[in-house]
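Quick notes on the structure that follows.
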Amino acid sequence: MTENTDDILTLLPARLKEARRAQGLSLEAVANLSGVSRSMVSQIERGESSPTIATLWNLTRALQVDFAGLLEAADMQDRIEVLRAADVPKIENMGQGCRIRILSPPEEAGGHEVYDIRFDQGGALVSQPHTRGAVEQLTVLEGEIAVSSGNAKDQLRAGDTARYAADVAHSITAPEGPARVFLIVKNA
């Protein structure tokens, strides 16, 4: 991230405007989504006003962009962001007999989430309904899995993929032995 305050003040207006246009949003739409007045959004984009941290946070959430990414120097665009296996976040207290690794970036939480889940024999991940319109896509990497969504149930083997509603009670279990799945959750 850039260290020079002048660089930040120079980059910020253009980056916010670029993010708004990439989303196809008008100034009015960003104002409605962020709670920041239309005139303030316009002033910030023109470099006539410096936003507070709270205002900038509201704008980045409305534009669905990474807060820190807006301030990155242009020469940082060509890079590969690596998260080493030992550093991948884990969810320890969910389900039974399963280990969940979070592969998606933190800013995607509640939107588009990606998980690597390993099940012990008999392991289960039982979920209450997510937000209306949420769907999951599950691909079995190893073993066999039983999936339920509402009243629907199915069995999957390594290589199989299932897509199902996640806005109803649903579950993933490994009744026959250890298994591993790749799970994508897309909230509406």
*Under Stokes-Einstein, with the Kirkwood radius over Cα pairs standing in for Rh, what whole-number D in µm²/s applies to the chain at 37 °C and 0.692 mPa s?*
172 µm²/s
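Which whole-number percent is the relative contact order of the stretch 90-186 (Cα, under 8 Å, 6+ apart)?
Answer for the stretch 90-186 is 35 percent.
Using the Cα gyration tensor of the stretch 90-186, with a ≥ b ≥ c the square roots of its eigenvalues, what is the shape: rounded (a/c below 1.5), prolate (a/b larger than b/c) or oblate (neither)?
In terms of gyration-tensor shape, oblate.
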*What percentage of the solvent-accessible surface of the stretch 90-188, computed with a 1.4 Å probe over protein heavy atoms, is contributed by carbon and sulfur atoms?*
50 percent
*Mind checking the per residue accessible area of the chain for me, 1.4 Å probe, whole number of Å²?*
61 Å²
*Each label point is 7 Å from the Cα along the Cα-to-Cβ direction; what then is the distance between the points at I80 and H112, in nm?*
2.1 nm
*Across the stretch 152-168, in residue order, what do the Karplus-derived ³J(HN,Hα) couplings come to in whole Hz, using 6.51 cos²θ - 1.76 cosθ + 1.60 with θ = phi - 60° and x for Gly and Pro?*
7, 9, 7, 10, 10, 10, 3, x, 6, 10, 10, 10, 7, 5, 10, 9, 10
*What's the longest bit of the chain with no exposed trypsin sites (Lys or Arg not before Pro), using DSSP loop states and at most 15 other Cβ atoms within 10 Å as the test?*
133-188
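The values are calculated or read from the model by the stated rules, or taken from the named source; none is laboratory data. Please read these numbers as outputs of a predicted model, since none were measured by experiment. Because the Cβ atoms are built from the backbone with ideal geometry, glycine has one as well, and the counts that use them run over all protein chains shown. All accessible areas refer to the heavy atoms of the entire protein, side chains included, with ligands and DNA or RNA removed. Shrake-Rupley method; radii C 1.70, N 1.55, O 1.52, S 1.80 Å.
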